[in-house]
1. Would you work out which of T108, A181, I140 lies farthest towards the positive end of the dipole of region 33-184? Charges go on Cβ: Lys and Arg +1, Asp and Glu -1.
2. Among P81, V129, S58, which residue has its Cα furthest toward the positive end of the charge dipole of region 48-151, with +1 on Lys/Arg Cβ and -1 on Asp/Glu Cβ?
3. Expressed in nm to one decimal, what extension gain is obtained for the pair Q233 and D69 from 0.36 nm per residue of sequence separation less their Cα-Cα distance?
4. Work out the FRET efficiency for K115 and I140 from their Cβ-Cβ distance, taking R0 = 41 Å, and round it to the nearest 0.05.
5. How high is the FRET efficiency between Y42 and E187 when r is their beta carbon distance and R₀ equals 51 Å, given to the nearest 0.05?
6. State in Å² the accessible area per residue of region 76-186; use a 1.4 Å probe, count heavy atoms of protein chains only, and round to the nearest integer.
7. So how far apart, in nm, are the two label points at L95 and T201 if each is 7 Å from Cα heading toward Cβ?
8. Please work out the Cα center distance from region 158-192 to region 63-85, rounded to the nearest Å.
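The values are calculated or read from the model by the stated rules, or taken from the named source; none is laboratory data. Just so we're clear, the structure is a prediction, and the values are computed from it rather than from any experiment. Here the Cβ positions follow ideal geometry from the backbone for every residue, glycine too, while neighbour counts run over all protein chains shown. Surface accessibility is based on the protein's heavy atoms, side chains included, excluding ligands, DNA and RNA. Shrake-Rupley method; radii C 1.70, N 1.55, O 1.52, S 1.80 Å.
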Amino acid sequence: MTELDRTPRLRPSASAEAPGDAVSVPAKPAPHHGPISRLRNYFLTGLVLVGPLYITISLTWWFINWVDDLVRPFIPVAYRPETYLPVKVPGMGLLVALFALTMLGFLTANLIGRKLVEAGENILHRMPVVRPIYRSLKQIFETRFAKGSASFRRVGLVEFPAPGMWSLVFLASPASADIAARLPDTEHVAAFMPCTPNPTTGFFFYVPRRDIIDLDITVEQAMTLLMSAGMVQPGGPAPDQQKLAALAEAARIARPRPTAASTAPAK
């Protein structure tokens, strides 16, 4: 009797006796998701669906009511819908404001309207405190809403606040002749660098044109990138769709699968 026969523990297994056979590795059981995990996934799926819709409707409703409250005092009581209806009709003030602004623009397009506007501006220009405020606001509105205006039509990157760190900026027009004469001998562009997550505040400065990296994205995409603090990247798939797909897949995996005992017909 050999040493191998006397010691059964050293006897080779069936896999060792047949080295050509593949060794089967038992599959790991699928992770078990309890009902709490499934409820959490369902809740997050509903939140992703309802959250943006609720905020959009709330902001729209607030704006309509805000305009209604501003315009309602100028509407005679006899022409208000709530005078004849038992409920308040929202949006009436917004329609009146849109109609009034359109008619005002139509009337000021002729010679008499322009003369009246010039007379009113002359009065405002004589007021010490009101004059700079009115001039600044008028220039902003004219630049923003003028046809063919190129303000904030381009987005770029500048190296700020330290070397190797890049910030998103909105590019406006080049420096005027008076400002360019006092800057170094190179082309400078007016740039506005907004803050995150509130893009209405930021820094304005003139930057050399050679130090700007132009980006092929729209202003709306850049605004979304800033307000989301980089969580929503331009050109990528919609984050809501990604979250919905991930949550739906997690809920599908967590759904209990029918066993053979549950699917067998009752005798």
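1. Towards the positive end, the residue furthest out is A181.
2. Of P81, V129, S58, it is V129.
3. Values: separation 164, 0.36 × 164 = 59.04 nm, distance 3.85 nm.
Separation in residues times 0.36 nm, less the Cα-Cα distance, equals 55.2 nm.
4. Values: r = 24 Å, r/R0 = 0.60.
Step by step, r from the Cβ atoms, then E = 0.95.
5. Values: r = 57 Å, r/R0 = 1.11.
My answer for the efficiency is 0.35.
6. Working: 8580 Å² over 111 residues.
Accessible area per residue: 77 Å².
7. For the pair L95/T201, the computed spacing is 4.0 nm.
8. Here the two parts' Cα centres lie 48 Å apart.
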